[in-house]
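Novice: Could you have a look at this structure, given as structure tokens, before my questions?
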Amino acid sequence: MTPRTVLFLCTANSCRSQMAEAIVNARYSDLEWRAFSAGTQPTGFVHPLALRVLAESGLAHEGRSKHADEFRNQTFDLVVTLCDDANESCPLWLGQGRKVHLGFRDPAQATGTEQEVLNVFRAVRDEIKEKIPALLNSI
């Protein structure tokens, strides 16, 4: 059986969408999904703290920050926007695929001590680990 495909979109493609891509591809292959991620204004790098909190969960992510245009001509079974901050513009997907919005705060915007910022990254990772599989199971 060919796995269904999901594209996770956010603005920078450095944290949330990268974590969602890594989590689905590593932990939820039993759901028969293959994940990709992209951004409308990619930073050009995956945030080091996103990689760190993924590693804490036993995930080694080799992703790169990609522009949504790279996927414009591909068909996805599901396209999920992840940005929810009112000060951030959620991307508009003009390609094919059922679209769903599932907002998560942007951990890259977290402030405070190193530990406080790291805790925000962990919390977002854990929210993604909980909500994304539930969404995929409902499709």
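The values are calculated or read from the model by the stated rules, or taken from the named source; none is laboratory data. Given the structure is predicted, the values throughout are model-derived calculations rather than measurements. In this analysis, Cβ positions are derived from the backbone assuming ideal geometry, glycine residues included, and neighbour counts consider all displayed protein chains.
Novice: Scan the range 104-123 for residues that are in a helix (DSSP H, G or I) and within 16 Å of Leu9 (Cβ to Cβ) and jot them down.
Specialist: If the condition is that a residue be in a helix (DSSP H, G or I) and within 16 Å of Leu9 (Cβ to Cβ), then Ala108 is the only one that fits.
Novice: Can you find a residue that is under 16 Å from Pro133 (Cβ atoms), part of a helix (DSSP H, G or I) and in contact (Cβ under 8 Å) with a residue 24 or more places away in the chain anywhere in the range 52-65?
Specialist: Among the residues of the range 52-65, at least one is under 16 Å from Pro133 (Cβ atoms), part of a helix (DSSP H, G or I) and in contact (Cβ under 8 Å) with a residue 24 or more places away in the chain, which makes the answer yes.
Novice: Restricting to the range 30-44, give me the number of residues that are closer than 14 Å to Thr11 by Cβ and of a type outside the set (Gly, Ala, Ser).
Specialist: 4
Novice: Search the range 100-111 for residues that are under 14 Å from Ala123 (Cα atoms) and pair each with any residue that is modelled with pLDDT of 90 or more and in a loop (DSSP other than H, G, I, E, B) when their beta-carbon atoms are under 6 Å apart and the residues are at least 6 apart or on different chains.
Specialist: Pairs that qualify, where the first residue is under 14 Å from Ala123 (Cα atoms) and the partner is modelled with pLDDT of 90 or more and in a loop (DSSP other than H, G, I, E, B), are Pro107/Cys15; Ala108/Cys15; Ala108/His47.
Novice: Just name the residue that is farthest from Pro133 (Cα to Cα) out of those in the range 8-23 that are among the hydrophobic types (A, V, I, L, M, F, W, C) and either buried (at least 24 other Cβ atoms within 10 Å of the Cβ) or in contact with a Pro (Cβ under 7 Å, 6 or more places away or on another chain) (or both).
Specialist: Ala12
Novice: Can you pull out the residues in the range 32-47 that are free of Cβ contacts under 8 Å to residues at least 60 places away in the same chain and either closer than 11 Å to Gln18 by Cβ or among the aliphatic types (A, V, I, L, M) (or both)?
Specialist: Listed by number, the residues that qualify are Ala35, Phe36, Ser37, Ala38, Gly39, Pro42, Thr43, Phe45, Val46.
Novice: Moving on. For the range 22-54, enumerate the residues that are within 25 Å of Glu114 (Cα to Cα) and of a type outside the set (Gly, Ala, Ser).
Specialist: Ile23, Pro42, Thr43, Phe45, Val46, His47, Pro48, Leu49, Leu51, Arg52, Val53, Leu54
Novice: Going through the range 56-82 one residue at a time, which ones are closer than 14 Å to Val46 by Cα and of a type in the set (S, T, N, Q)?
Specialist: Ser65
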